[in-house]
Amino acid sequence: MDNVLAARALMGISLGFHIIYATIGVGLPLMLMIAEGLSLRTGDDLYHRLARRWVRPAGLLFAIGAISGTVLSFELGLLWPRFMAFSGPLIGLPFSMEGFAFFTEAIFLALYIYGEKRLSRRMLFFCTIPITVAAAASAVFVISANAWMNTPAGFRIENGVLGDVQPFLALANPAWAHEAVHGTLAAYVATGFAMAGIYAWTLLRGHESDYSKRALTLSLAVATVSLPLMLISGDWAAMAVAVQQKPKLAAMEALFPTTRGAPLFIGGWPDPASGEVRYGIKIPKLLSVLAHRDPDALVEGLDAFPPGTAPDPRFVHPFFDLMVGSSFIMLAPAVWFWWLRWRRREVPLGKWPLRALLCASPFGMIALESGWLVTEFGRQPWIARGQMRVADGVTQQTGIGLVLLTFLIIYLALTAGLLKLLLRPAPIGAGGGTTQGGRHVDS
């Protein structure tokens, strides 16, 4: 395994695990804040106990995310030293701001966890606000660094030397806004559906408690509100990509020839040899409509770019379809649940609606991971688009393959340990339960 492939695989594995930890670490604080806010507004103590139950996984994921994020920062310097030497003055600001957001979240999370018996309910609620804002800010600043790799800005190259560095322009690069909004909403959707799936499973097992019903309703409410906003922001992002990253759009949609009135392909397998999409569903002119709001607009295909400068659609198009398809898979059971909820005026406990939610619950994370792969594969062969190729940024040190295997084992062990801690029963009184006859029960 050569250095480029090994380094990419190691970063891919590390980021793949970190994204899961970080996603839930961004989504859970919002649910904590809503639960505490509802507790204050309604005077219902069950919402407060729900929040106290959720703070345990939030704290664990915050810690695990910090560990995996620290590993990634070392990997950037060790695996990609040439890239970091070039980009450090430009993406150092968002990483520094992310560190500030991280410590802000840590302070208020500690106050919230250990202030249960020392702070009023109102103060506990106020603690959840900076936790939620800081968690989202961390995501936004990290996404800024990734967006800069897609649309580099805030510098000039003079005689082969980096100059006129403007860190704030680099932070607010052209792709930052739509990527940050879309990515943050995707975290809320993924977390909401994951939590809804857990409580749908609990209800299917016969634990029909008020606690499980409230938890399911609140989780799915967060996901359902965020999902259409995520789809709208995804449309905004696609229109921006059509202007800012034309090779990526061509690879996402597997468009080989430059076409006026370009069709959209749903599914199918791109065949670069023939320049066709096999087995896909072709919808005439829809790509031109979605990208430029004009059915006869010109969309540049992969043939418009020099060989070796555009991404491979065989990697990008399937993951793009998986991302979009996963989003619509989640939409159907959510609409069904809320329609039954409105019709019956109570939480629907039928097996089929709950099974549908359970089956849909992983698709938020699948959509998010697929979207990240579209972003990364869609930038190839560049590590900073138009400025530095992946092969030019990698380390020349050997032995990365062994490190790759070692870290794979570490991440699997870390995830197994996290799951063991998350599945361990909560202590009596640590959340949505009370004691009756020395036995812990949901209430």
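Assorted remarks:
- Residues of the stretch 39-98 classified as among the β-branched types (Val, Ile, Thr) and buried (at least 20 other Cβ atoms within 10 Å of the Cβ), total: 3
Conditions tested, residue by residue: (1) in contact (Cβ under 8 Å) with a residue 12 or more places away in the chain; (2) touching a Ser or Thr at 6+ places or on another chain (Cβ under 7 Å); (3) assigned by TED's automatic domain parsing to the domain that holds residue 58; (4) buried (at least 22 other Cβ atoms within 10 Å of the Cβ).
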position: 147; (1), (2), (3), (4): yes, no, yes, yes
position: 158; (1), (2), (3), (4): no, no, yes, no
position: 183; (1), (2), (3), (4): yes, no, no, yes
position: 197; (1), (2), (3), (4): yes, yes, no, yes
position: 204; (1), (2), (3), (4): yes, no, no, no
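- Unique residue being surrounded by 22 or more Cβ atoms within 10 Å (Cβ to Cβ) and either touching an Asp or Glu at 6+ places or on another chain (Cβ under 8 Å) or not in a loop (DSSP other than H, G, I, E, B) (or both) when the list is 137, 170: 170
- Matching option when the condition is assigned by TED's automatic domain parsing to the domain that holds residue 136 and closer than 18 Å to residue 9 by Cα, among 105, 75: 75
- Residue 17 vs. criteria in a helix (DSSP H, G or I), closer than 21 Å to residue 132 by Cβ, among the hydrophobic types (A, V, I, L, M, F, W, C) and in contact with a Leu (Cβ under 8 Å, 6 or more places away or on another chain): no
- Residues satisfying the stated conditions in the stretch 244-268, i.e. within 22 Å of residue 308 (Cβ to Cβ), more than 25 Å from the chain's Cα centre (by Cα) and among the hydrophobic types (A, V, I, L, M, F, W, C): 255, 256
- Exclusive hit being within 23 Å of residue 237 (Cβ to Cβ), of a type outside the set (Lys, Arg) and not assigned by TED's automatic domain parsing to the domain that holds residue 151, set 368, 349, 340: 368
- Matching residues in the stretch 330-351 - criterion: being under 28 Å from the mean Cα position of the chain (by Cα) and surrounded by fewer than 20 Cβ atoms within 10 Å (Cβ to Cβ): 331, 332, 335, 336, 338, 339
The values are calculated or read from the model by the stated rules, or taken from the named source; none is laboratory data. The structure displayed is predicted, hence computed values, not measured ones. Neighbour counts are summed over all protein chains in view; Cβ atoms, including those assigned to glycine, are modelled from backbone coordinates with ideal geometry.
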